[in-house]
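Peer 1: For reference, the structure I am asking about is given below.
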Amino acid sequence: GESSSDDIVLSFRPSGDKWNLCHIPLSHADDFVSSSVTDRFKPMSFYTSPRELMAVATSMLGTHFNETPALRDRAYDLVIGHEVSLPMTRMVAKLLNVDPGIVFSTHSRFGNTVSASLPLNISIAEEEGRLKRGMQVLLAMGSAGVTSAFCAFRY
């Protein structure tokens, strides 16, 4: 889905067929899918295929961004992403065709902070003077499931 106003663009693309790349099946997971999950995976245990998950999420981010003119055609002052690793951050910046110098990264200091990545990076960027009022900002996120999501806004 996509929504926008003058100063904000939100865009999400879910791809539920890749759910098995990163999941924690609940004990009643079989009630929600067509095939048995609990025959293959122990309930309440974490499973991931990190290389495939990163490849799929990165590809989805690039395709999603480049197929969405409301995102692609904006000029950004700062890009903040859900950082899984530094190489993946660089790869996503390249796929989005953004200057690596405007990508704010805290991975080297804090590692993969999962769902806290965006709020943490926004807070640290503001604290360090990299994020200032009036800047055009892009938030980028790829997550398990796999979903790609962007939020572009004036801070």
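The values are calculated or read from the model by the stated rules, or taken from the named source; none is laboratory data. Computed from a predicted structure; not experimentally measured. A quick note on method: Cβ atoms are made from the backbone with ideal geometry, for glycine too, and the neighbour counts reach across all protein chains shown. Areas reflect the complete protein model, heavy atoms only, side chains present, ligands, DNA and RNA absent. Shrake-Rupley method; radii C 1.70, N 1.55, O 1.52, S 1.80 Å.
Peer 1: Tell me which residues, restricted to region 36-54, are open to solvent by less than 60 Å² (accessible area, probe 1.4 Å), assigned to a loop (DSSP other than H, G, I, E, B) and either out of contact with any Phe, Trp or Tyr (no Cβ under 8 Å at 6 or more places or on another chain) or of a type in the set (S, T, N, Q) (or both).
Peer 2: Answer for region 36-54, where residues must be open to solvent by less than 60 Å² (accessible area, probe 1.4 Å), assigned to a loop (DSSP other than H, G, I, E, B) and either out of contact with any Phe, Trp or Tyr (no Cβ under 8 Å at 6 or more places or on another chain) or of a type in the set (S, T, N, Q) (or both): 36, 37, 38, 43, 45, 49.
Peer 1: List the pairs whose first member sits in region 58-79 and is over 14 Å from residue 102 (Cβ atoms) and open to solvent by 50 Å² or more (accessible area, probe 1.4 Å), whose second member is hydrophobic (A, V, I, L, M, F, W, C) and in a helix (DSSP H, G or I), and whose Cβ atoms are under 7 Å apart, counting only residues at least 6 apart or on separate chains?
Peer 2: Short answer, once both residue conditions are applied: 72/65.
Peer 1: I would also like to ask the following. If residue 149 satisfies every condition in (1) touching a residue at least 24 places away in the same chain (Cβ under 8 Å); (2) more than 9 Å from the chain's Cα centre (by Cα) but one, which is the exception?
Peer 2: Among (1) touching a residue at least 24 places away in the same chain (Cβ under 8 Å); (2) more than 9 Å from the chain's Cα centre (by Cα), residue 149 violates only (2).
Peer 1: Are there any pairs with C-beta distances below 6 angstrom linking a residue in region 83-97 that is more than 16 Å from residue 148 (Cβ to Cβ) and open to solvent by less than 50 Å² (accessible area, probe 1.4 Å) to a residue that is acidic (Asp, Glu) and at pLDDT below 90, with the two at least 6 apart or on different chains, and if so which?
Peer 2: From region 83-97, no pairs qualify.
Peer 1: Applying the selection to region 108-145, what residues are buried (at least 16 other Cβ atoms within 10 Å of the Cβ) and modelled with pLDDT under 90?
Peer 2: Passing the criteria: 113, 142, 143, 144, 145.
Peer 1: Quick check on my filter: what residues within region 20-35 are in a helix (DSSP H, G or I), under 29 Å from residue 92 (Cα atoms) and either hydrophobic (A, V, I, L, M, F, W, C) or touching a residue at least 60 places away in the same chain (Cβ under 8 Å) (or both)?
Peer 2: Residue satisfying the conditions is 21 alone.
Peer 1: Now a separate question. Specify the residue that is farthest from the chain's Cα centre (by Cα); the eligible residues are those in region 9-39 that are charged (D, E, K, R) and over 25 Å from residue 142 (Cα atoms).
Peer 2: Applying the filter and picking the extreme gives 39.
Peer 1: Here are some residues: 95, 86, 118. Which one is farther than 24 Å from residue 13 by Cβ and within 15 Å of the chain's Cα centre (by Cα)?
Peer 2: 86
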